[in-house]
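Please read the structure below before turning to the comments.
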Amino acid sequence: MPPQPQVKRSFLEFLKSFIGIVRVLQILLGAGLWVTIAANKYEGSIHYVLFVAVLFWLLTLAIFILTLLDKQDLVPIVGGERWLLSNVIHDVVATLLYLSTIGIMIYKTQKNSYCNLDVYKHHCLYKVYLTASVFACLTATAYLLSVIYGSCRKCRGERTVV
């Protein structure tokens with residue numbers, strides 16, 4: 001049975017909306033961050049960065065799918081009328097934790113800056129950490145945009161994400 005035109009239209013409306021585009025960016029940039037780190041050798045505080053990146057990637061993916069399918073009413077406690085507030089709280093926490101990951105990644109990048117020389121022949125994580133720092137900054141910016149947008153909608157009294 002083919003999908004009904006109304007359902008297909010709501011998919012497209014969400015994907016073309018500001019929040020839909022920002023959620024896709026959050027998913028892609030978050031995946032870029034954790035894949036960059038996980039594909040290379042890492043140690044110490046980078047475990048925390050990987051934890052934050054994977055946790056919020058999975059949570060954002062779940063929120064995206066629930067909103068895309070318009071099934072947020074099925075989520076107990078945080079769904080239904082509280083869905084917009086739940087999204088804003090998720091985005092605030094993600095922004096704050098991503099800010100700490102930015103600090104860790106910048107520190108690790110600076111700590112490994114000595115090996116960014118052509119004559120240095122050993123394995124160096126400088127470029128990996130620099131790339132991860134950029135991904136962390138872009139992802140935090142995407143979550144911050146989502147916080148501002150969701151907060152403005154919540155202040156206007158709206159209750160739906162789209």
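Working from label points 7 Å from Cα in the Cα-to-Cβ sense, the Val24 to Ser100 distance is 3.2 nm.
Express the carbon and sulfur contribution to the solvent-accessible surface of the stretch 41-96 as a percent, rounded to the nearest whole number, probe 1.4 angstrom. Please report the intermediate quantities before stating the final value.
Values: 2300 of 3100 Å².
With neighbouring chains kept in place, the figure for the stretch 41-96 is 74 percent.
The largest accessible area among Phe14, Phe51 belongs to the first residue in Phe51, Phe14, and the rest follow in falling order (1.4 Å probe, all chains). Each label was represented as a point 7 Å from its Cα along the Cα-to-Cβ direction; for Cys115 and Ile89 these points are 4.2 nm apart. Pairs of Cα atoms nearer than 8 Å and 6+ residues apart set the relative contact order; for the chain it is 34 percent.
Return a whole-number percent for the relative contact order of the stretch 2-88, with Cα pairs under 8 Å and 6 or more residues apart as the contact set. Don't jump to the answer; show the numbers that get you there.
Details: 41 pairs, mean separation 25.3, N = 87.
Computed over the stretch 2-88, the figure is 29 percent.
When the chain is treated as a Gaussian network with alpha carbon springs shorter than 10 Å, the biggest mean-square fluctuation among Val35, Val52, Val75 belongs to Val75. Taking all protein chains as they are arranged and a probe of 1.4 Å, the heavy atoms of Leu96 leave approximately 110 Å² accessible to solvent.
Which loop trypsin sites (Lys or Arg not before Pro) in the stretch 1-103, with loop taken from DSSP, have no more than 12 other Cβ atoms within 10 angstrom of their Cβ? Answer by residue number: Lys41, Lys71. Pick out which of Tyr149, Tyr114, Tyr48 has the largest mean-square fluctuation in a Gaussian network model of the chain, springs linking Cα atoms closer than 10 Å. Greatest mean-square fluctuation among the candidates belongs to Tyr114.
Ellipticity at 222 nm from helices only: DSSP H runs of n ≥ 4 in the chain, each -39500 (n - 2.57), divided by the residue count, give -25000 deg cm²/dmol. For the chain, a Gaussian network of Cα nodes joined below 10 Å ranks Gly44, Gly79, Gly20 by mean-square fluctuation, and the top entry is Gly44. Dipole size of the chain about its Cα centre, with +1 on Lys/Arg Cβ and -1 on Asp/Glu Cβ: approximately 140 debye, rounded to the nearest 20. Of all aspartates and glutamates in the structure, those lying under 18 Å Cα to Cα from Lys127, and not within fewer than 8 positions of it along the same chain, are Glu43, Asp118.
The values are calculated or read from the model by the stated rules, or taken from the named source; none is laboratory data. Treat the numbers as computed from the prediction; the structure is a model and nothing was measured. Note: ideal-geometry Cβ built from the backbone for every residue, glycine included; neighbour counts use all protein chains shown. Accessible surface is based on the protein model in full, side chains and every heavy atom, while ligands, DNA and RNA are left aside. Shrake-Rupley method; radii C 1.70, N 1.55, O 1.52, S 1.80 Å.
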